[in-house]
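Undergrad: Below is one structure. I have some questions about it.
The values are calculated or read from the model by the stated rules, or taken from the named source; none is laboratory data. Bear in mind that the values here come from a model prediction, so they are computed numbers and not experimental data. Glycine gets a Cβ as well: all are built from the backbone with ideal geometry, and neighbour counts include every protein chain shown. For accessibility, only protein heavy atoms count, side chains too; no ligands or nucleic acids. Shrake-Rupley method; radii C 1.70, N 1.55, O 1.52, S 1.80 Å.
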Amino acid sequence: MVADNAHHQDALQLNHSLTNAALARQRFNEAFMHRRSQLRRQWVIGALLIMILIGISSVIGEVNLVHLWDRLPRFTSYFGRMVPELSWATLWPDLARWYWNGWVWLAALWQTILIAIYATLIGIVFGYIASFLGARNLSPHPSYTFFTRRLMELARTVPELVFAVLFVYSFGLGPLAGVLAIGLHSMGALGKLFADVAENVDLEQVKGVRSTGASWSQTMVFGVTPQVLPDYLSYGLLRLEINVRAASILGFVGAGGIGQELYTAVKSFNHTDISAIVIMLIISVIIIDSFCSWVRGRVIGRDNLKAI
Amino acid sequence: MNKPKLISWRALRPELYPRRGLAAWRGYVVMLIVMILFLFGLSELEVTAERLYKGSLKLVDVFGLMVPPESKGRTAEYLFAIAETVSMAFLGTLVASILAIPLSLMGARNIMPIGPVRFFVRRSSDVVRGLDSLVWAIFFVGVVGLGPFAGILAITVNDTGILTKLYAEALENTDAEQSKGVRATGASRLQTLLFGVLPQVMPVFLANSLYFVESNVRSATILGVVGAGGIGFFLMDRMMISAWREVAYIILLVLITVAVIDTLSRILRQRLIGQSSIARH
């Protein structure tokens with residue numbers, strides 16, 4: 001009787017835990033289904049939204065795939081016309097004919113690179129100063145942070161080409177306007193990135209310098225600069241890469257560089273001139289990019305060594 | 001501290017002491033050369049103090065002429081052009097993101113085993129990236145004619161190059177252990193890619209694409225300069241006739257639009273991928 005009762009108890013318990021397990025499974029299933037339908041609903045809503053956005057912007061953007069299909073032959077012929085006539089037998093004369101204006105283009109390219117370098121220098125110097133005023137933890141007063149950050153936003157949101165037109169109007173035609181335009185834009189972009197880096201410095205080191213009686217500017221130079229220099233340099237080099245590209249189009253509005261030659265070639269339908277200039281441009285961009293990433297690797301590498 | 005001790009320290013750590021003899025002058029010589037190069041560059045760029053001074057005065061005048069900004073009743077026209085600009089940026093980035101996925105798979109070391117294919121994809125993306133989107137825009141205006149469609153194509157081509165590079169780098173930075181884990185369950189190569197690699201890179205892909213919508217709105221504002229649609233046409237037009245108050249009005253509209261797009265994109269990024277994993281730019 002006792003044994004039977006125990007058996008009964010066991011069975012009850014088993015039954016009970018079975019119900020528990022079934023209940024848990026059911027709950028899990030419900031939760032899973034609920035979550036899945038929720039996710040599906042989100043997906044559907046997201047997809048619909050994107051579809052609507054695509055529809056609206058296709059209409060506004062005058063997207064016409066039929067037109068594109070019709071123009072596809074023109075596409076190949078347009079780029080096909082850029083290919084110069086080169087034959088192996090008369091390679092040198094052909095190349096000379098292709099690059100008939102080579103020295104002028106080379107000088108323009110040199111000017112483009114100079115514009116990029118000087119604009120980056122302006123950006124780094126002013127971005128450096130602005131970063132300490134714009135960093136919340138370093139700035140002498142919150143109002144400095146606010147105004148510096150807004151000024152940087154303004155400087156990097158207005159397109160370089162707009163600045164370039166403004167500067168061409170006030171400083172006259174030529175590379176000076178380009179340097180100032182790209183420099184101003186770089187200051188905005190670098191000032192923000194630098195300030196974000198400066199907000200993450202180790203404040204103990206800064207306090208250490210401060211405790212020796214250093215002024216604010218001395219604290220920035222000796223307490224903060226050594227910590228942020230590798231990052232600043234790395235961002236500066238990235239900016240140089242961007243600025244070479246930006247400098248290549250300044251000539252469209254008369255602000256110096258190879259853009260002027262390129263625009264003239266396009267306007268006068270000298271297709272082989274276009275390809276000649278574009279090839280020079282691409283090669284120099286690739287060379288500068290690889291140089292910058294090599295230097296950046298060294299800068300960051302040295303920093304990593306210091307950290308160990 | 002006595003003198004002999006000091007001397008031995010100098011021998012031990014010479015870099016901590018002032019240099020002697022010729023070496024002491026090395027720094028000055030380097031500085032001099034850098035200064036000469038700097039001044040040479042300035043003269044190449046035709047920079048003179050006089051030009052800087054006169055130009056600054058004129059620039060202040062121009063800023064004075066910009067106040068107060070005025071619309072001359074063309075707000076609707078400008079707003080439509082801005083909508084065109086945003087549409088161009090959105091569509092261009094969208095198509096570029098879609099095109100960049102297969103291309104980046106072909107360019108990533110850990111996914112594409114055939115070296116020459118990788119090389120070809122990566123180098124062509126370098127070439128495409130080497131040209132600014134405005135240069136692509138003048139080409140496409142030549143191909144499909146004036147209008148925003150040329151701008152969309154320019155943004156698409158330029159961004160496909162950039163995104164292919166960024167995506168391929170993200171793919172190469174994925175954790176191989178996760179894909180091995182998926183592989184160990186008997187998954188095929190395609191399944192490993194879908195369930196081992198892509199979940200790791202999707203947040204990076206999305207964050208980059210959203211960031212490029214933002215940055216393309218900025219760059220699309222100038223595509224109108226060469227006739228490829230958007231607000232740039234009006235901006236340049238007003239500048240060329242020195243209607244500075246209208247220029248200021250258009251610039252203000254652009255600034256507001258960019259601020260709105262930035263905020264929207266930040267909110268979207270945070271909702272889609274969580275705050276911690278946002279790629280920092």
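Undergrad: For the stretch B:93-127, which residues satisfy the criterion of being in contact (Cβ under 8 Å) with a residue 24 or more places away in the chain and among the basic types (K, R)?
TA: Passing the criteria: B:R109, B:R122.
Undergrad: Can you name the helices (runs of 4 or more DSSP H) wholly within the stretch A:212-269 that have at least 1 residues being within 23 Å of the chain's Cα centre (by Cα)?
TA: Here the list reads A:225-247, A:259-267.
Undergrad: In the stretch A:242-267, how many residues are in contact with a Phe, Trp or Tyr (Cβ under 9 Å, 6 or more places away or on another chain), of a type in the set (V, I, T) and surrounded by fewer than 24 Cβ atoms within 10 Å (Cβ to Cβ)?
TA: Total satisfying the criteria: 1.
Undergrad: Within the stretch B:18-56, which residues are at pLDDT below 75 and surrounded by 11 or more Cβ atoms within 10 Å (Cβ to Cβ)?
TA: Hit for the stretch B:18-56 is B:R19, nothing else.
Undergrad: Let me ask you something else. Specify which of the listed residues (B:P199, B:P203) is loosely packed, with under 14 Cβ neighbours inside 10 Å and either away from chain A (no Cβ under 14 Å) or more than 30 Å from A:A155 (Cβ to Cβ) (or both).
TA: Of the residues listed, the single one that is loosely packed, with under 14 Cβ neighbours inside 10 Å and either away from chain A (no Cβ under 14 Å) or more than 30 Å from A:A155 (Cβ to Cβ) (or both) is B:P199.
Undergrad: Among the residues of the stretch B:22-29, are any farther than 15 Å from A:S170 by Cβ and either within 10 Å of chain A (Cβ to nearest Cβ) or not in a helix (DSSP H, G or I) (or both)?
TA: Among the residues of the stretch B:22-29, at least one is farther than 15 Å from A:S170 by Cβ and either within 10 Å of chain A (Cβ to nearest Cβ) or not in a helix (DSSP H, G or I) (or both), which makes the answer yes.
Undergrad: Would you please name the residue that is surrounded by the most Cβ atoms within 10 Å (Cβ to Cβ), looking only at residues in the stretch A:197-207 that are in contact (Cβ under 8 Å) with a residue 24 or more places away in the chain and either touching a strand residue (DSSP E or B) at 6+ places or on another chain (Cβ under 7 Å) or within 13 Å of another protein chain (Cβ to nearest Cβ) (or both)?
TA: A:V197
Undergrad: Still on this structure: Condition test on A:G191, is it within 11 Å of chain B (Cβ to nearest Cβ) and either modelled with pLDDT of 90 or more or in contact with a Pro (Cβ under 9 Å, 6 or more places away or on another chain) (or both)?
TA: Criteria not met by A:G191.
Undergrad: List the helices (runs of 4 or more DSSP H) inside the stretch A:1-116, counting only whole elements, that have at least 3 residues being at pLDDT below 90 and closer than 29 Å to B:L153 by Cα.
TA: Filter on the stretch A:1-116 gives A:2-60, A:65-80.
Undergrad: For the stretch A:134-155, give me each residue that is surrounded by fewer than 21 Cβ atoms within 10 Å (Cβ to Cβ) and in a helix (DSSP H, G or I).
TA: A:P142, A:S143, A:Y144, A:T145, A:F146, A:F147, A:R149, A:R150, A:L151, A:E153, A:L154
Undergrad: While we're on this one: Can you go through A:A214, A:A177, A:A164, A:A155 and tell me which one is closer than 30 Å to A:G297 by Cα and assigned by TED's automatic domain parsing to the domain that holds A:S293?
TA: A:A155
Undergrad: Follow-up. Of all the residues that make up the stretch B:92-133, how many are at pLDDT 90 or above, of a type in the set (A, V, I, L, M, F, W, C) and open to solvent by less than 10 Å² (accessible area, probe 1.4 Å)?
TA: Total meeting the criteria: 2.
Undergrad: A:S234 - would you say it is of a type in the set (S, T, N, Q) and either open to solvent by 60 Å² or more (accessible area, probe 1.4 Å) or in contact with a Cys (Cβ under 7 Å, 6 or more places away or on another chain) (or both)?
TA: no
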